[in-house]
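The values are calculated or read from the model by the stated rules, or taken from the named source; none is laboratory data. This one's a predicted model, so the numbers in the text were calculated from it and none came from an experiment. No Cβ is skipped: glycine too gets one built from the backbone with ideal geometry, and neighbour counts run over all protein chains shown. Surface areas here come from the heavy atoms of the whole protein model, side chains and all, with no ligands, DNA or RNA. Shrake-Rupley method; radii C 1.70, N 1.55, O 1.52, S 1.80 Å.
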Amino acid sequence: QVQLVESGGGLVQPGGSLRLSCAASGSIFSIHAMGWYRQAPGKQRELVAAISSGGSTNYADSVKGRFTISRDNAKNTVYLQMSSLKPEDTAVYYCSAGIWTNYSGYVPGYWGQGTQVTVSS
């Protein structure tokens with residue numbers, strides 16, 4: 001019902017920047033909030049950043065000050081601007097769409113296929 005397609009992943013040197021994008025299509029009338037997750041080998045999937053329909057945002061402590069999530073409603077697209085990248089940021093990044101709750105924060109409902117981000121010299 002909802003399709004999410006990520007782009008922008010790749011190889012970047014430490015200290016570099018990268019911008020991920022995620023375009024939504026299908027039953028997008030049901031989309032109220034969007035978020036980015038990542039999962040590195042041997043580690044749990046974690047929420048990196050989320051943005052509500054009202055513009056509220058939430059970031060993982062490890063990326064605050066370096067990553068910025070934003071939306072372009074006209075293009076049905078969400079972005080993740082990543083700066084000052086570190087090797088620890090290497091992971092598969094997943095776009096998601098869902099809801100924002102008062103008590104639990106962002107709750108995903110749909111997922112993209114993931115895009116690899118590798119930070120290495």
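Pull out all pairs, ordered by first then second residue, where Cβ-Cβ is under 6 Å, the residues are six or more apart or on different chains, the first lies in the range 106-117 and is within 15 Å of Ala40 (Cα to Cα), and the second is of a type in the set (A, V, I, L, M) and not in a loop (DSSP other than H, G, I, E, B).
Sorted first by the residue in the range 106-117, then by its partner, the pairs are Gly114/Val92; Gln116/Val92.
Quick one: would you say Trp100 is out of contact with any helix residue (DSSP H, G or I) (no Cβ under 9 Å at 6 or more places or on another chain) and open to solvent by 50 Å² or more (accessible area, probe 1.4 Å)?
The answer is yes for Trp100.
Can you work out which of the residues in the range 103-119 that are under 20 Å from Met82 (Cβ atoms) and of a type in the set (S, T, N, Q) is least open to solvent (accessible area, probe 1.4 Å)?
Filtering the range 103-119 for residues that are under 20 Å from Met82 (Cβ atoms) and of a type in the set (S, T, N, Q), the one least open to solvent (accessible area, probe 1.4 Å) comes out as Thr115.
Quick one: in the range 1-59, which of the residues that are hydroxyl-bearing (Ser, Thr, Tyr) and loosely packed, with under 13 Cβ neighbours inside 10 Å is modelled with the highest pLDDT?
That would be Ser17.
Taking Gly16, is it in contact with a strand residue (DSSP E or B) (Cβ under 7 Å, 6 or more places away or on another chain) and under 19 Å from Thr115 (Cβ atoms)?
Answer is no for this residue.
Could you please find all residues in the range 60-87 being free of Cβ contacts under 8 Å to residues at least 40 places away in the same chain, surrounded by fewer than 19 Cβ atoms within 10 Å (Cβ to Cβ) and more than 22 Å from Ala23 (Cα to Cα)?
If the condition is that a residue be free of Cβ contacts under 8 Å to residues at least 40 places away in the same chain, surrounded by fewer than 19 Cβ atoms within 10 Å (Cβ to Cβ) and more than 22 Å from Ala23 (Cα to Cα), then Ala60, Asp61, Ser62, Lys64, Gly65, Arg66 are the ones that fit.
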